[in-house]
Each structure stands twice: as C-alpha cells, then as structure tokens.
Amino acid sequence: TQSAGLPALDAALSGRLGLGRTTVSGNISAGKEGSIRLLGSLPRDPDGALGLAVAGELDAGLANKALAAGGQRLTGRLALDATVRGTAVAPLASGVATLSGGSFEDPLQGVRLDGIQARILAQGEEVLIERASATTRNGGTLAASGRVRLAPDAGFPGAFRIQGNRALLVSNETMQAIADLSLELSGALAERPR
C-alpha cells in the first residue's frame, strides 16, 4: 500500500464456502483515515445472485499522495452506504455516497474550491449526482447535477449540468478568470459528449 500512496491497512475478514455461494464479512481500517465494512455473499456461478453491502467513512485526503505530484490537495470526509445486487454479469448498485467539508487546491493553476459538498446516489444501472457544490476564493459558487448509466459498451451515456455564479475559476500570475456559467454535457460521456 505504501507504493500506492496509501497508509497501512488493518483487515479482518471472515467467510464460508457453501453450496454454490461464499459468504463474507469483515472490516478494513486505515486508522484515523477511516474504515469500510463488508457483509454479504457471492455466487460461484457468474449468473448467480449477488448480495453485498459496503458501508463506512474515509478521509478524502487519502488521495493526496497521488495528487502531490501535480501540487494538488484534497480534504473532506466521504461516507458510503451501498449494496450490490443482480449478478456478476449484470450488477445493480443502490445506495448513497456523500462528501462533506471538502476542499480542493491546485496552487500551480490558481484553483481553490472550499465548502465542497456532494451527494451521489446509485440506482440500479444508473448513478445520479443529486447535488454537488463548492465556493471559490472570491465568494463565487459552483454547482453540478446529473446522471450517468453504467453501460461501458455504450460509452457511459448521461447528462450533466454545471452552473457558476461569479466563480473564480483561475487565479495565477498569468491570468484571472471569473465566470457566470451554465454548461450542459450529454450523450456518450466517455466517447463524444455534446
């Protein structure tokens, strides 16, 4: 985990191999950075029914070692409560992930976002950004919402809207950009979005 920029992990997992299914339960802890709990069962047959639950809290700063090469920094707390059903071939997710008290800083580009809040819902084959918001250094705001279908073969079709009010997007020695904006992105998001 050190080479991946992650802290040491303490994992306690147990399971039982039964008739066509494997049950699992346990906890993975990264110390003060948070922990994740797992509970459920997996089929041995790819067409068998999945039943997994994942819940816990993580410090968003876990990503900082990976971001450090670009001089970027992230803070905040991520809470996760989700289940995966369906089959291994066609999984269906449900649950919620929330980010609170977040901030993002990129000194090289002059970008700083504070008060980052987000709530993301998984609803079967679709992931919905119910709300996401942040403030910029000058008191401006950014907000986003949207949805994406978990269909890699179709290029992850979806639609997103980003709105800004007097948002300070860039502030460095070369330029300063403050914008009111309303952007929409739709279509196959991994291929040719509009």
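The values are calculated or read from the model by the stated rules, or taken from the named source; none is laboratory data. Here the structure is a predicted model, which means the values were calculated and not measured. Every residue, glycine among them, receives a Cβ derived from its backbone with ideal geometry; neighbour counts consider all protein chains shown. For accessibility, only protein heavy atoms count, side chains too; no ligands or nucleic acids. Shrake-Rupley method; radii C 1.70, N 1.55, O 1.52, S 1.80 Å.
Ordered by solvent-accessible area of protein heavy atoms (1.4 Å probe), largest first, the residues Leu9, Leu80, Leu50 come out as Leu9, Leu80, Leu50.
Relative contact order for region 79-192: 17 percent, from Cα pairs under 8 Å spaced at least 6 residues apart, divided by residue count. 3J(HN,Hα) along region 81-97, derived from phi through the Karplus expression 6.51 cos²θ - 1.76 cosθ + 1.60 where θ = phi - 60°, amounts to 8, 9, 10, 10, 10, x, 10, 5, 6, 9, x, 10, 9, 8, x, 9, 10 Hz, with x in place of Gly and Pro.
Rounded to a whole number, what % of the accessible area of region 41-194 do carbon and sulfur atoms account for, probe 1.4 Å?
It is 56 percent, rounded to a whole number.
Taking Cα centre as origin and charging only the Cβ of basic (Lys, Arg, +1) and acidic (Asp, Glu, -1) residues, the dipole magnitude of the chain rounds to 180 debye. For the pair Asp81 and Glu33, the difference between a 0.36 nm per residue extended length and the Cα-Cα distance amounts to 15.6 nm. Applying 1/(1 + (r/R0)^6) with r as the Cβ-Cβ distance of Glu184 and Ala68 and R0 = 25 angstrom yields a FRET efficiency of 0.15. Available extension along the chain between Val170 and Asp45 is 39.9 nm, counting 0.36 nm per residue and deducting the alpha carbon span. Selection among Gly86, Val127, Leu9 by position relative to the dipole of region 1-128 gives Leu9 as farthest towards the positive end (Cβ unit charges, Cα centre).
The label-point distance for Ala53 and Glu126, in a model that sets each label 7 Å from Cα toward Cβ, rounds to 2.6 nm.
Taken over the chain, the convex hull of the Cα atoms encloses 136 Å³ per residue.
Our summary gives the chain a relative contact order of 11 percent, counting only alpha carbon pairs under 8 angstrom and 6 or more residues apart. The distance between label points at Val89 and Gln163 comes to 4.3 nm (points 7 Å beyond Cα on the Cα→Cβ vector). Annotation: per residue accessible area for the chain equals 61 Å², rounded to a whole number [probe 1.4 Å, protein chains only]. Per-residue ellipticity at 222 nm computed for the chain from its helices equals -500 deg cm²/dmol, with DSSP H segments shorter than 4 residues left out and the rest contributing -39,500 (n - 2.57). Among the trypsin sites (Lys or Arg not before Pro) in region 1-98, those placed in a DSSP loop whose Cβ has at most 13 other Cβ atoms within 10 Å are Arg44. Kirkwood analysis of region 48-108, using all unique Cα-Cα pairs, places the hydrodynamic radius at 13.5 Å.
What GluC sites (Glu not before Pro) in region 104-194 are in a loop by DSSP, with at most 14 other Cβ atoms within 10 Å of the Cβ? Spell out each step's value before the answer.
Working: sites: Glu105, Glu125, Glu126, Glu130, Glu173, Glu184, Glu191; in loops: Glu125, Glu173, Glu191.
Loop-located and lightly packed - Glu125, Glu173, Glu191.
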